[in-house]
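The structure appears below as structure tokens.
Just so it is clear, none of the values below were taken in a lab; they were calculated from the coordinates. Note that the structure is a prediction, hence the values are computed from the model and not measured. Here the Cβ positions follow ideal geometry from the backbone for every residue, glycine too, while neighbour counts run over all protein chains shown.
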Amino acid sequence: MAQAASHPQGQQHPIRLYLVVWTWLFILSACSYLVDYYQIEGILRYALILLFMMLKAGLIIAVFMHMAWERLSLVYAILVPMSAILVFVAIMALESDYTLLSRLTFFAPEL
Amino acid sequence: MAEQAFSPIETTPADPSGLRSVAADFSSDRTAFRNVSWGKAMMWIFLLSDTFVFSSFLIAYMTARMSTTVPWPNASEVFALTIGGVTLPLILIAIMTFVLISSSGTMAMAVNFAYRRDRRKTAALMLLTALLGATFVGMQAFEWTKLIHEGVRPWGNPWGAAQFGSTFFMITGFHGTHVTFGVIFLLIVARKVWRGDFDQERRGFFTSRKGSYEAVEIMGLYWHFVDLVWVFIFAFFYLW
């Protein structure tokens, strides 16, 4: 087991990299807070929220969780199944549209 | 056991890359995730399943919010706080976000120092991470108390759609539970680091396996995941 210590083991990256990513996460979080603070509305609001969210998630997964340096077979085994979530989102978005339509048609309060 | 997990991989120039390497790994009739230890692979697979759990919650929230005929409460106003006479929208949530991101940063540094076998710095940074995590849970408890006093219940609230309360308590409650367990595990692993378990390869209390500094990275994976989930909750529940 003594050889395990001398063995280049695990993830070795300069501290600077983590500090840079940390700073970026702060900046991106501040940006998403400002979206709400300045009450940006409409498509721009949703686009900005999603953009900052994806960038933050990407940085955390790639650098903090070391996914960028993992073997490709592990990366694919974890990330590819997640596409099922998008399918589920699409199904439920269609379904809730239909539910809303039926509610408006059959349960709308008499005006 | 550990020797096997970290045995040097014979990389020949003919080793395939890209998609071919994935196919080669999965058809190799041996450990599919080469040079990934079982502990790390299992943590990733657990996190994948946990992703599905949180996705289901967020999708349920999306379905409730999209299909209700009643207006959804404005999160920006619901979570506003008045500090020193100034009303700031969503300020508590913003502070919680920064606290959790900072804890992720300190955790990443702890993992880094763990692989440099720096026992003291690793333990100190993990304790700092646990402290920030506990702060986050504390602020969440404050937020829950405030909302409950204002009359938010799982079955209704004063501002609009009834599902607001149920999704709020469900999603943030489940996330808070994850943070709480994370803090407990952080303290356990930090104690092991401090005691030098991973330098002496002391056998684990539960698994009887030799300890290794990789435990810190696996702990880190869980902690970053908790932060990651918060990124999505912050975007979809609080900002949307």
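What the Kirkwood sum gives for chain A is a hydrodynamic radius of 18.4 Å, with every pair of different alpha carbons counted. Ellipticity at 222 nm from helices only: DSSP H runs of n ≥ 4 in chain B, each -39500 (n - 2.57), divided by the residue count, give -22500 deg cm²/dmol.
Ranking A:MET92, B:THR69, B:VAL216 by Cα position along the charge dipole of the protein assembly as shown, where only Lys, Arg, Asp and Glu carry charges on their C-beta atoms, puts B:VAL216 farthest toward the positive end. When chain A is modelled as a GNM with alpha-carbon springs shorter than 10 Å, which of A:LEU48, A:LEU25, A:LEU101 fluctuates the most? Residue with maximal mean-square fluctuation among A:LEU48, A:LEU25, A:LEU101: A:LEU101.
Straight Cα distances below 15 angstrom link B:LYS192 to the aspartates and glutamates B:ASP118, B:GLU201, B:GLU214, B:GLU217, with same-chain residues fewer than 8 positions distant left out.
Taking packing as the residue-averaged number of other Cβ atoms within 10 angstrom, the listed peptides B:19-31, A:69-81, B:213-225 run from highest to lowest as B:213-225, A:69-81, B:19-31. Here the relative contact order of chain B, from alpha carbon pairs under 8 Å that lie six or more residues apart, stands at 22 percent. Compactness of region B:1-145, taken as the C-alpha radius of gyration over 2.2 N^0.38 Å, stands at 1.56.
Suppose a student asked you for the relative contact order of region A:18-111, using Cα pairs under 8 Å spaced at least 6 residues apart; what percent would you report? Present the calculation step by step, with values, prior to reporting the outcome.
Details: 23 pairs, mean separation 22.2, N = 94.
24 percent.
Against the longest alpha carbon principal axis of chain B, how many degrees, from 0 to 90 and to the nearest 10, is the axis of helix B:91-115 turned? Tilt of helix B:91-115: around 10 degrees. Quick one: angle between helix A:42-59 and the longest Cα principal axis of chain A, in degrees between 0 and 90, rounded to 10, please. So the helix axis and the longest Cα principal axis differ by about 20 degrees. In terms of overall dimensions, the C-alpha atoms belonging to the protein assembly as shown reach 80, 48, 36 Å along their principal axes, ordered largest to smallest. Plugging the Kirkwood radius over Cα pairs into Stokes-Einstein for region A:70-111, at a temperature of 4 °C and a viscosity of 1.567 mPa s, what D comes out in µm²/s? Rounded, D is 99 µm²/s.
For chain B, the dipole from Cβ point charges (+1 on Lys and Arg, -1 on Asp and Glu) about the Cα centre works out to 580 debye, to the nearest 20. Counting Cβ atoms of other protein chains within 10 Å of each Cβ in B:114-123 and taking the mean gives 1.
Which value, in Å³ per residue, describes the convex hull spanned by the Cα atoms of region B:38-239? Walk me through the numbers before you get to the answer.
Values: hull volume 24.5 nm³, N = 202.
Roughly 121 Å³ of hull volume per residue.
The Kirkwood radius of region A:10-69, taken over pairs of alpha-carbon atoms, gives through the Stokes-Einstein law at 20 °C and 1.002 mPa s a diffusion coefficient of 170 µm² s⁻¹.
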